[in-house]
Amino acid sequence: KPRFADFNLMPPDWGAQFAPWVAATARAYPWLEKVSLKRMFESDDALALLDVSLPGFKELVFLCCERFGTSGVAVVANKCR
């Protein structure tokens, strides 16, 4: 979340959900090998979509992200090298 979230200045539904981004990005750039996410809300389903949508995917970087679990990371880790 942006730092202003610490002061309750965060607008609702500010657009940090990862699922719409991964769907659009996978269509436009199917050859992507690395995704870096900062202050995003990921779900386990969105991480699974990332794994399925990008056949050459190799690296995922999280920085201050939330709403994902071990099972979502495991799906990506099983395919990545």
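Using the structure shown, decide if residue 47 is within 15 Å of residue 16 (Cα to Cα), touching a residue at least 12 places away in the same chain (Cβ under 8 Å) and not in a strand (DSSP E or B). It would help to see each step written out before you state the result.
Numbers: within 15 Å of residue 16 (Cα to Cα): yes; touching a residue at least 12 places away in the same chain (Cβ under 8 Å): yes; not in a strand (DSSP E or B): yes.
Yes; evaluated as a whole, the condition is true for this residue.
For region 58-81, give me the residue count where each residue is under 20 Å from residue 30 (Cβ atoms) and touching a strand residue (DSSP E or B) at 6+ places or on another chain (Cβ under 9 Å).
6
Determine which member of the set 71, 36 is outside any strand (DSSP E or B), open to solvent by 70 Å² or more (accessible area, probe 1.4 Å) and either among the small types (Gly, Ala, Ser) or at pLDDT 90 or above (or both).
Step by step, each of 71, 36 is checked, and only 71 is outside any strand (DSSP E or B), open to solvent by 70 Å² or more (accessible area, probe 1.4 Å) and either among the small types (Gly, Ala, Ser) or at pLDDT 90 or above (or both).
Are there any pairs with C-beta distances below 9 angstrom linking a residue in region 56-73 that is touching a residue at least 12 places away in the same chain (Cβ under 8 Å) and closer than 13 Å to residue 39 by Cβ to a residue that is among the small types (Gly, Ala, Ser) and in a strand (DSSP E or B), with the two at least 6 apart or on different chains, and if so which?
61/36; 62/36; 63/36
The values are calculated or read from the model by the stated rules, or taken from the named source; none is laboratory data. Here the structure is a predicted model, which is why all the values come from computation and not from measurement. Using ideal geometry, Cβ is built from the backbone for each residue, glycine included, and neighbour counts are taken over all protein chains shown. Areas reflect the complete protein model, heavy atoms only, side chains present, ligands, DNA and RNA absent. Shrake-Rupley method; radii C 1.70, N 1.55, O 1.52, S 1.80 Å.
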